[in-house]
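Inspection log for the structure reproduced underneath, given as structure tokens.
Every read-out reported here was derived from the displayed coordinates using simple, explicitly stated rules and does not represent laboratory data. Everything quoted here is computed from the prediction, not taken from an experiment. A quick note on method: Cβ atoms are made from the backbone with ideal geometry, for glycine too, and the neighbour counts reach across all protein chains shown.
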Amino acid sequence: MNRGTAAGIGLSLLALAACAGEGAVEPASYPSGVRADVRNAGGTAVATASAAGEGGGLRVRIEAAGLAPGTYGIHVHAVGRCDPPGFDSAGPHWNPTGREHGSQNPQGPHFGDLPNLQVGTDGAGSLEFTIPGAGLTGDSGALLDGDGAALLVHAGPDDYRTDPSGNSGARIACGVFG
């Protein structure tokens, strides 16, 4: 076999090996975490969020940049869609346990309830919270179910008790986990 033929066969084998990894994602290789780019109704990025299984729960992290100073209600919503301007496509709060809204509600909280996000004068803020008993994948109550999930920023603070959304106001920014 001459060098040209051997090189051609080698390159062909490399190309076939590279293509072998493409296609459907196997359940065993599902990501250990997901991210959401959170944008306002005008499409401007105002935050990033991530979620990953950790210690018997789901760890959610949010990093805001570009929001006005203040306090914002932050919730995980049941549907992975963010159609502006009102982001109603994200559906209700993620609530696979059938609870009511708020950590101060005797019938709450549900999985979508997160603490308020404090944003400073520089437009930045961060939040890290574990949702006990929640999971990224798995049973029917997992974050990454058939229609996904979204993280929403509301116009005002959450009062942690009023069903269904803690009187947190309009949905002003949204990002799809995926």
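Select, from G120, G53, G125, the only residue that is crowded, with 17+ Cβ neighbours inside 10 Å and more than 15 Å from the chain's Cα centre (by Cα).
The unique qualifying residue is G125.
Please work out which residue is nearest to G138 (Cα to Cα), limiting yourself to the range 43-83 and to residues that are touching a helix residue (DSSP H, G or I) at 6+ places or on another chain (Cβ under 8 Å) and charged (D, E, K, R).
R81
Taking only the range 160-178 into account, find how many residues are surrounded by fewer than 18 Cβ atoms within 10 Å (Cβ to Cβ), of a type in the set (D, E, K, R) and within 13 Å of H75 (Cβ to Cβ).
So the count comes out to 1.
Looking at T121, is it among the hydroxyl-bearing types (S, T, Y) and within 23 Å of V34 (Cβ to Cβ)?
Judged against the criteria, T121 is not a match.
In the range 71-101, how many residues are more than 21 Å from G43 (Cβ to Cβ) and either of a type in the set (V, I, T) or over 19 Å from the mean Cα position of the chain (by Cα) (or both)?
6
Is it the case that some residue within the range 36-47 is closer than 14 Å to R171 by Cα, in contact (Cβ under 8 Å) with a residue 12 or more places away in the chain, β-branched (V, I, T) and not in a loop (DSSP other than H, G, I, E, B)?
Yes, there is a match, as at least one residue in the range 36-47 is closer than 14 Å to R171 by Cα, in contact (Cβ under 8 Å) with a residue 12 or more places away in the chain, β-branched (V, I, T) and not in a loop (DSSP other than H, G, I, E, B).
Would you mention how many residues in the range 82-111 are among the polar types (S, T, N, Q), touching a residue at least 40 places away in the same chain (Cβ under 8 Å) and surrounded by 18 or more Cβ atoms within 10 Å (Cβ to Cβ)?
Summing the residues that are among the polar types (S, T, N, Q), touching a residue at least 40 places away in the same chain (Cβ under 8 Å) and surrounded by 18 or more Cβ atoms within 10 Å (Cβ to Cβ) in the range 82-111 gives 1.
Select, from G141, G146, G133, G70, the only residue that is without any contact (Cβ under 8 Å) to a residue 12 or more places away in the chain, surrounded by fewer than 16 Cβ atoms within 10 Å (Cβ to Cβ) and out of contact with any Lys or Arg (no Cβ under 9 Å at 6 or more places or on another chain).
Exactly one residue qualifies, and that residue is G146.
Select the strands (runs of 3 or more DSSP E) contained entirely in the range 54-124, then report the ones holding at least 3 residues which are more than 16 Å from P157 (Cα to Cα).
57-65
Scan G156, G135 and give me the residue that is farther than 20 Å from S50 by Cβ and assigned to a loop (DSSP other than H, G, I, E, B).
G156
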